[in-house]
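First comes the structure, then the notes that go with it.
None of the figures in this text is laboratory data; all of them are computed from the coordinates on show. All values reported here derive from a predicted model rather than from experimental measurement. So basically every Cβ, Gly included, is an ideal-geometry build from the backbone, and we count neighbours across all protein chains shown.
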Amino acid sequence: ADAYENGIITVDNFENASLEKNSTSPTCVTPPPPGCHVSIRVAGGWVRDKILGSHSHDVDIALDTMSGVQFASIVQAYLHTLAQEGKIPKSQSNKKIGVISANPNQSKHLETATMKILNIECDFVNLRAEEVYEEHSRIPTQQTKQFGTPLEDALRRDFTVNSLFYNIRTKQVEDYTNRGLDDLLMHRMIVTPLDPHTT
């Protein structure tokens, strides 16, 4: 994210990411706006498992200012750069990005990018907002906003123990429900972040 924010990695419509070393003016069509900072959070099960000392087979990355596909393109460009510099094997830099499209008819509101990084399955998605539904339906309407806050996302998760985030920049566990850590470590209970009928 730092390389993108500082104009070192540029992305042309987030379909082809490229590295521009010592470039004073990024050549990408969609450069980061001035002052843009991407907050990167590991979400859900990985955080829960690490706190419990368990191994996790996949990592879910939640982003606050760009889509998962956009960020996965930046990660792909960074891996390519590391391979060119000899810091990782070239075989680790040619990772394809899979895209799971949004499908409101299946209550899947957000597009998700997936890729394998150093043999770990990673999913990239933006933070979920509170969804707006038609009456008597669980299918989100177009009025649902694209980017949510960490609190909105945490409250949309199934259980408080899965609503925990690990903020990559601050290196801190974030518990926006103010109950996830207690439910995980003290109460050892599965509880929904909101009333179960609401969630």
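Projected label points at Glu135 and Ile120, each 7 Å from Cα along the beta carbon direction, are separated by 4.8 nanometres. One Cα centroid belongs to segment 150-190, the other to segment 70-92; the line between them spans 31 Å. Among 38-49, 70-81, 113-124, the peptide with the highest mean count of other Cβ atoms within 10 Å heads the list, and the full ranking is 70-81, 38-49, 113-124.
Multiplying the residue separation of Ile100 and Lys50 by 0.36 nm and removing their Cα-Cα distance gives an extension gain of 15.4 nm.
The simple spin-label model puts a point 7 Å past each Cα toward its Cβ; for Ser91 and Arg169 those points are separated by 3.6 nm.
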